[in-house]
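Okay, structure first, notes after.
We did not get these values from a lab; they are worked out from the coordinates using the rules stated. Remember, predicted model here, so these are calculated numbers, not experimental data. Here the Cβ positions follow ideal geometry from the backbone for every residue, glycine too, while neighbour counts run over all protein chains shown.
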Amino acid sequence: MQATTHALPHGAVAHEAHHEELGFWRKYVFSTDHKIIGIQYGITALIFLFFGFCLMMMMRWSIAYPNTPVPVVGPLLEKVLGADKGVISGEVYNQFGAMHGTIMVFLGIVPLAFAAFGNFVVPLQIGAPDMAFPRINMASYQAFVVGGIIMLVSFFIPGGAAQAGWTSYSPLASAVATQGQTFWIIGMVFLITSSLLGAVNFLATIIQLRAPGMTWMRLPFFVWSQFVTGFLLLLAFPPLEAAAIMQLMDKVAHTSFFLPSGLQISSLGHISGGGSPLLWQHLFWFLGHPEVYVLILPAMGIVCEIIANNTRKPIWGYKSLVYSALTIGFLSFIVWAHHMYMTGMGTKISTFFQTTTMIISIPSVIILTCLFLSLWGASIRFNAPMLFALAFLPMFGIGGLTGLPLGFNYSDLHLHDTYYVIAHFHYVVAPGTIFGLFAGIYYWYPKMTGRHMSEFWGKVHFWTSLIFMNLIFQPMFAQGMAGMLRRMADGGANYSAAQVPGAIGGLSPMIMHFNQTISIAAWCLGLAQIPFIINFFWSIKHGKPIASDNPWEATTLEWQTPTPPPHGNFEKAPEVHRGPYEYSVPGAARDFTPQNEA
Amino acid sequence: MDIPYTSEPRQDTGLFNAKVGIWLFLASEVMLFGALFSSYILLRVGAEPGEWPHGLLNIPLGMTNTIVLIVSSITVVMAWASLKMKNFARFKLFQSITLLCALAFLGIKSYEYHDKFTHYEVWLKDGKIADGHLVENNADTIVLHHAHYVDKEAAAKVTHAWQEREIKEEEITIKKSDIRLREGGKLDMESYGPWHNTYTAIYFTLTGLHALHVIGGAIVIFFLWGPLSGMWKTDPERYTNRIEISGLFWHFVDLVWIFLFPVLYLL
Amino acid sequence: MSDNHDAHDFQKHVKRYLFVFYALIVGTVITVAASWAHIDSVAITVAIALFIACMKGFLVAGYFMHLISERKMIYGILLATVFFFAGLMYLTIWSMQPESLVHIR
């Protein structure tokens, strides 16, 4: 059982001998094995992440240099989307904006953070042979792919993709005359179904398939974070599904769920009215806010695993971490309307949501504090995964703290819908979550392939990404506070002081100049991902082979399997005798004691 | 290693996997229908006086459908109990009644849908509003059965399902030239489809989604009852569990209808 | 309910199921009767209908779905669901109060 015997990357074939040999399609495409599905999810999601980022790089051109043809991809835009002379028009910009958000959140980060890492790691960490419902797992991935394809296809229909932002506020979403929004809704229904199937599966797996001795308080924190995330997806997504169905009815059956009386828009035709735009916002943000924690919790889990492993110390305050994650899970359902202060819901309800919002920051701070304190006095191994994990802490810290002014009713009135909001949540999700996910990829890659990714190129990837991420998002705080609104294709040129001399509140030349620096930093960030992409694929065949099944000398169960783990994962059912982070136990022979060591 | 607890319960939770799975799934279903019920309340509370129709639906039909679903619920649970008592023939019988009930429910539901799609509201040029079932749509006239002229002021005072029943119904023939025109030149007449007002919108959405659940549940029950019933011979315990799981879903569908019926038909 | 019951035990269960069945039918008839009883107060009509619906729901969930004797884990899942459902419904409707600027009218 111990970590030395199966060093050969592809030695695992022998363990599969007693299973019937599956053909290529059953093994890699229609697989029911949680590890293959995890990798499928991972690669698909990475492709979507890159695609979503490409959309943003093109939008950044329009913001920095409005009404000029996009270099390099301009002719392509003209051919595919009919962009005149390769200039990004307002309509195309809106499509890109809406799809950037949708793709990054629903097709990129959630599938990568929750489905990919969850699928690959969770059953291994709890000592299970597979997920509880392997075929539902496969169906979940397939629904995800179908949803993704529908989203992509919508670019090519007449009029193009959805244009009402990733939040798809009605009546705007219904009023856009094209069918892009219909595609968006149908795509979302598939993605939601996929997430629901995944959530049911994860929760059932964690509840039912823990190995003997794996009690709740011996679960690695990553499993806890996935457990809470699963509950958030399970209970927050259905209201959005209901809202999507209603918006679909508005679009297809000409109902008026979200269309108020007296609304006259020619593209809508005759409507009965009587609906409520506020209802959409409620149902959307009822998902939307728990979704924020869906994005961040798995990254926190990954970071926690990596910090424990590379500080060679137990995590400081394991129980506080677990209870904080559970508290976040509960509270995240009753803070959603802090996205809606500007709707005029009324002061009492705003006060309620302002209060719960301030309360929910406490458990987040506790988690971050525990992770920081875990570093105290450690002799840290600064490898690529650890660097990303360490950078996560201050980056998420900046993102979190800048969220407080948005949680307060009065300061939000000024900052709402500006670049400040963009900077805030991108600090949480981009250098926050995505760094956590990169850390996870570098960390678990050896278990997936039997080889390490290049340490040197990993560090190049890290330092360049860190610098450019901050160059992108730091100036956006200033732009937002100066009053620059989001979702403007010309980057606010119409509101610049240069355009309207003497106007009060015009955007100053310095604020406008940030548009160019941010855009250049964004394209550099794109270049900075090239080492990662090459490293990722090159290392599959040519990376440094691992020295043992447990190359990081970790304690958790996923490292106590052959590499890569065969079908059924463990050679014999593991039995758990201790907590997840028993590093440097005094008196032990080694500085790590695996969970299954008696 | 094979996946454990597929049919025998795990020691500490006392449950087998699928039982956990179905309850998690039902929890998400509660939120799905919960969101739609919340929308119903919000739309109803916000509706202009008189805009929210009362007594639009046929209560005896709704009641029949309620009873049909209750009958199907008892047969589902009896079918499971029969399996527990090792009486496969009785299980087959009970489940076939369940399937017939599902068909009956869908039949009645589609009749009700058809009824709403032929039920028209017609605005006349003199300001009157005719309301009834369109039976003839000729070149220059339309004929409404069970029709009456709507008194908007009186309708605004209606708060209960029973009040509108007191209206005298007759056959009305209307000249098309008397019908008001909409922007774009179309006749200003509209059936009680989902587009008619927020009530019909939420009615069709809720019952439509519920009907999809009935169809889905019936398909699962049918497959377990017919093509997959061979499992009773090979693995009776797991088969019984599957019947229990499909039954739990079916009861949930019944449960939703128990709330849908008073909310949409009676209040 | 996954324990091994003998046939006699199940006879008792069957009796209970039938009792629940009759109660559901009676509940349905009472709801319809109450809605036709020409009660003037809307609040009372709504309260009666929802009360009976809740009782029927309790019977179906409790006895047909065996919730009355289910395991703790299931109760936990459902308790969380009920909490979030209540939050969704209550807070959403709260934002429609007259002091709010955005109620539909």
Environment charge of residue A:390, counting only residues whose C-beta is closer than 14 Å and scoring Lys/Arg +1, Asp/Glu -1: +1
Test item: Cα-centred dipole of the protein assembly as shown, Lys/Arg +1 and Asp/Glu -1 on Cβ, debye: 1500 debye
Structure-based [θ]222 nm, chain A - -39500 (n - 2.57) summed over DSSP H runs of at least 4, per residue, nearest 500: -19500 deg cm²/dmol
Aspartates and glutamates with Cα under 19 Å of residue B:84, excluding same-chain neighbours fewer than 8 positions away: B:8, B:235, B:237, B:244, C:3, C:6, C:9, C:70
Cleavage-rule hits (chymotrypsin sites (Phe, Trp or Tyr not before Pro)) in the stretch C:1-96: DSSP loop, at most 14 neighbouring Cβ within 10 angstrom: C:36
Residue (of A:325, A:24, A:518) at the positive-pole extreme of chain A, dipole from beta-carbon charges: A:518
In degrees, nearest ten, helix A:134-153 long axis to first principal axis of chain A (Cα): 30 degrees
The stretch A:214-244-the stretch A:71-90 distance, computed between alpha-carbon centres (Å): 41 Å
Per-residue average of Cβ from other chains inside 10 Å of B:259-265: 5
If the convex hull is drawn through the Cα atoms of chain A, its volume per residue in Å³: 155 Å³
Cα long-axis angle, helix A:509-542 against chain A (0 to 90 degrees, to the nearest 10): 30 degrees
Rounded to 10°, Cα long-axis angle of helix B:59-84 versus longest principal axis of chain B: 10 degrees
Per-residue mean of C-beta atoms belonging to partner chains within 10 Å, peptide A:327-338: 2
Rg/Rh ratio calculated on Cα atoms of the stretch B:119-191 (Kirkwood radius): 0.99
Relative contact order computed over chain B (Cα-Cα under 8 Å; 6+ residues apart), in percent: 24 percent
Likely footprinting exposure, A:417, A:130, fewest C-beta neighbours within 10 Å first: A:417, A:130
Point-to-point label distance, residue B:171-residue B:11, nm (Cα→Cβ direction, 7 Å offset): 7.9 nm
Alpha-carbon Rg with Dmax, taken over the stretch A:280-413, Å: 16.6, 53
Mean Cα-pair separation over length for chain A, i.e. relative contact order, pairs under 8 Å, 6 or more apart, %: 18 percent
Of B:233/C:12; A:319/A:541; A:251/B:109; A:251/A:348; A:35/B:19; A:27/A:572, pairs whose Cα-Cα distance is over 32 Å: A:319/A:541; A:251/A:348
Net charge contributed by nearby residues that have their C-beta within less than 12 Å of residue A:70 (K/R +1, D/E -1): 0
Computed [θ] at 222 nm, helices only, for chain B once each DSSP H run of length n ≥ 4 contributes -39500 (n - 2.57): -19500 deg cm²/dmol
Over the stretch A:156-279, relative contact order from alpha-carbon pairs under 8 Å, at least 6 apart, %: 27 percent
Within-14-Å neighbourhood charge of residue A:235 [Cβ basis; K, R +1; D, E -1]: -3
Average beta-carbon neighbours from other chains, 10 Å sphere, peptide C:41-50: 3
Filtered GluC sites (Glu not before Pro), the stretch B:128-192: DSSP coil and at most 11 other beta carbons within 10 Å: B:183
Kirkwood Rh, angstrom, the stretch A:459-521 [1 / mean 1/r, Cα pairs]: 12.6 Å
